[in-house]
1. For segment 152-190, which positions are farther than 30 Å from residue 123 by Cα and surrounded by fewer than 11 Cβ atoms within 10 Å (Cβ to Cβ)?
2. Need a quick list: helices (runs of 4 or more DSSP H) entirely within segment 102-217 having at least 3 residues that are more than 23 Å from residue 5 (Cα to Cα), aliphatic (A, V, I, L, M) and touching a residue at least 12 places away in the same chain (Cβ under 8 Å).
3. Given (1) in contact (Cβ under 8 Å) with a residue 40 or more places away in the chain; (2) closer than 23 Å to residue 174 by Cα; (3) aliphatic (A, V, I, L, M), where does residue 89 come up short, assuming only one miss?
4. Could you say which residue among 85, 23, 96 is more than 28 Å from residue 153 (Cβ to Cβ) and out of contact with any strand residue (DSSP E or B) (no Cβ under 7 Å at 6 or more places or on another chain)?
5. Inside segment 31-55, can you point out the residues that are of a type outside the set (D, E, K, R) and under 20 Å from residue 66 (Cα atoms)?
6. Tally up the residues in segment 182-206 that are touching a Leu at 6+ places or on another chain (Cβ under 6 Å) and over 17 Å from residue 84 (Cα atoms), please.
7. Could you say which residue among 36, 114 is surrounded by fewer than 16 Cβ atoms within 10 Å (Cβ to Cβ), among the aliphatic types (A, V, I, L, M) and more than 16 Å from the chain's Cα centre (by Cα)?
8. Within the bounds of segment 48-67, is there any residue that is touching a residue at least 12 places away in the same chain (Cβ under 8 Å) and touching a strand residue (DSSP E or B) at 6+ places or on another chain (Cβ under 7 Å)?
Amino acid sequence: MGNTPFITVEGPIGVGKTSLAKAISQYFQFHLLKEIVDENPFLDKFYENIDEWSFQTEMFFLCNRYKQLEDIQTNFLQRKEPVVADYHIFKNLIFAKRTLKEAQYEKYFQIYQILTKDMPRPNVVIYLNASLDTLLHRIKMRGRDFEKNISPLYLEQLSIDYEQFMNDFEQNHPDIPVLRFSGDELDFVKNQEDLQLILDQLKNSLQKGVNNYGSSQ
């Protein structure tokens with residue numbers, strides 16, 4: 001793992017990933033990588049009929065995120081310029097496993113492994129989670145048209161999937177720190193103290209990384 005900071009913020013839909021990534025970007029002066037969501041032409045259809053449109057939706061996201069990471073590697077990380085992203089490409093597996101049929105998922109997973117085997121790995125993963133009520137409230141507040149058809153049951157299951165995946169991720173990647181924060185307990189958008197608590201923990205984690213992997217100077 002390189003010592004140029006590469007931070008990823010993850011968690012279920014509506015938990016505040018982009019808001020936190022923006023705040024981190026501004027505080028540390030890191031380049032901000034935002035996932036492409038609105039441009040996915042299948043999303044409206046997907047939320048109306050998940051079975052019918054899941055494979056197209058997931059493949060679009062995978063290809064776009066692969067291209068974004070490739071560009072980040074070339075244009076920033078290789079030049080020792082720090083990056084914070086509002087997603088980790090592993091999220092594709094969480095969503096795909098929930099929505100794809102088994103045979104589709106097996107094909108999808110093979111493509112995922114080929115595309116991501118030499119992609120940059122984050123130094124730190126920030127994992128946000130929150131109760132279903134909090135997630136539904138925040139989704140309603142931001143008012144994205146394509147999210148109005150999200151099923152609460154789908155969202156609840158997604159949160160459970162994230163929790164399981166993150167537990168497995170910590171076990172399988174002990175060299176990548178995972179900082180966990182509750183969106184029910186912290187409101188880093190409205191409360192500066194809550195935000196500062198997260199920033200301080202991230203700063204400590206980054207400093208440990210520099211000590212472990214050699215000075216970044």
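The values are calculated or read from the model by the stated rules, or taken from the named source; none is laboratory data. Keep in mind that what you see is a predicted model, and the values were worked out from it rather than measured. Cβ sites come from the backbone with ideal geometry, for glycine too, and all protein chains shown count toward neighbours.
1. 153
2. Numbers: elements: 102-116, 132-142, 152-172, 192-213.
Passing ranges, in order: 132-142.
3. Looking at each condition in turn, residue 89 falls short on (1).
4. Details: 85 fails: out of contact with any strand residue (DSSP E or B) (no Cβ under 7 Å at 6 or more places or on another chain); 96 fails: more than 28 Å from residue 153 (Cβ to Cβ).
Answer to the check: 23.
5. From segment 31-55, those of a type outside the set (D, E, K, R) are 31-33, 36-37, 40-43, 46-47, 49-50, 53-55; that's our starting set.
Within segment 31-55, 31, 32, 33, 36, 37, 40, 41, 42, 43, 54, 55 qualify.
6. Going through segment 182-206 one residue at a time, the tally reaches 2.
7. Working: 36 fails: more than 16 Å from the chain's Cα centre (by Cα).
Of the residues listed, the single one that is surrounded by fewer than 16 Cβ atoms within 10 Å (Cβ to Cβ), among the aliphatic types (A, V, I, L, M) and more than 16 Å from the chain's Cα centre (by Cα) is 114.
8. No: zero hits.
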